[in-house]
Amino acid sequence: MPDTGHTSAADWAGPAHGLLSGRSVLVTAAAGTGIGFATARRAAEEGARVAVSDRHERRLAESVDELERLTGTRPLGVPCDVTDQAQLDHLMDTVAADLGGIDVLVNNAGLGGTAAVQDMTDDQWDSVLSVTLTSTFKATRSVLRHMIPAGRGVIVNNASVIGWRAQKGQAHYAAAKAGVMALTRCAALDVAEHGIRVNAVSPSIAVHAHLAKVTSDELLAQLSAQEAFGRAATPWEIANVIVFLASDYSSYMTGEVVSVSSQHP
């Protein structure tokens, strides 16, 4: 086990235990270096057949190559704009046909930004809500076309502690993530009779290369200092919780939002 208080943003993920052996797992917004990529890698390491999607085709292709290099198995990569229902339906149909169904969907797509509510434009509000909340609903609705007939399935949504607490300049993102939490709880009840579970993770800050590039050092340090361990999480630490929720180890959990942070209210 790592030293919890001093883990770097390196490659530690822990030993594999075959938690997702034989399962088919789809992760959205999985290109790059963040939680989506880490989740796809951890799922593959745990024995899953993996599919990844992203709207950035070049980065998606690079991520597919990197995942193959790291795990020894090549995931299916399908470009998809998660705000487009037709593309989402195509994604689900393609993955289901290629992998023999979809056992797990990880809704990881999200869009942030900073604007005071009095200055926020309709476009800023609509963009964040569309990518972060509405796409989670649309992807969930789409994958259920495959999960309900199968009588099984797991959906894991990526929420955020900001859905619980206030932060200046984050009204749109906080509203979207609070919506993801509410969607998770309600959808879980809607599909429980079909043997499908729906849960969410709620991270605070998980530092990776892209986030570090677009966020000031001052803000990263401030957010990290608020955490109990005095540091940000690594993407792997969030991915491990997602894998747990996707596995049979959490077989009686549904409608839950699991905090991966000390920032739970």
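Scanning segment 53-99 for residues that are more than 30 Å from Leu129 (Cβ to Cβ), among the hydroxyl-bearing types (Ser, Thr, Tyr) and assigned to a loop (DSSP other than H, G, I, E, B) yields a count of 1.
When Val104 is tested against the conditions (1) within 15 Å of Thr28 (Cβ to Cβ); (2) free of Cβ contacts under 8 Å to residues at least 40 places away in the same chain, the lone failure is (2). Would a scan of segment 160-177 turn up a residue that is modelled with pLDDT of 95 or more, surrounded by 21 or more Cβ atoms within 10 Å (Cβ to Cβ) and under 24 Å from Leu20 (Cα atoms)? Checking segment 160-177: not a single residue is modelled with pLDDT of 95 or more, surrounded by 21 or more Cβ atoms within 10 Å (Cβ to Cβ) and under 24 Å from Leu20 (Cα atoms). Just name the residue that is farthest from Val82 (Cα to Cα) out of those in segment 117-131 that are open to solvent by 40 Å² or more (accessible area, probe 1.4 Å), assigned to a loop (DSSP other than H, G, I, E, B) and not acidic (Asp, Glu). The residue in question is Gln118.
Once segment 85-116 is narrowed to residues that are of a type in the set (Asp, Glu) and under 22 Å from Glu46 (Cβ atoms), the residue that is least open to solvent (accessible area, probe 1.4 Å) is Asp103.
From the list Ala221, Ala206, Ala232, the lone residue that is loosely packed, with under 15 Cβ neighbours inside 10 Å and modelled with pLDDT under 95 is Ala221.
When Asn199 is tested against the conditions (1) surrounded by fewer than 19 Cβ atoms within 10 Å (Cβ to Cβ); (2) modelled with pLDDT of 95 or more; (3) closer than 27 Å to Gly32 by Cβ, the lone failure is (1). Taking the numbered list (1) closer than 22 Å to Ile238 by Cα; (2) of a type in the set (Val, Ile, Thr); (3) modelled with pLDDT of 95 or more; (4) open to solvent by 10 Å² or more (accessible area, probe 1.4 Å) in turn, Thr28 passes all entries but (4).
The values are calculated or read from the model by the stated rules, or taken from the named source; none is laboratory data. All values reported here derive from a predicted model rather than from experimental measurement. All Cβ positions, even for glycine, are placed from backbone atoms using ideal geometry, and neighbour counts span all protein chains on display. Side chains included, ligands, DNA and RNA excluded: accessible areas come from the protein's heavy atoms. Shrake-Rupley method; radii C 1.70, N 1.55, O 1.52, S 1.80 Å.
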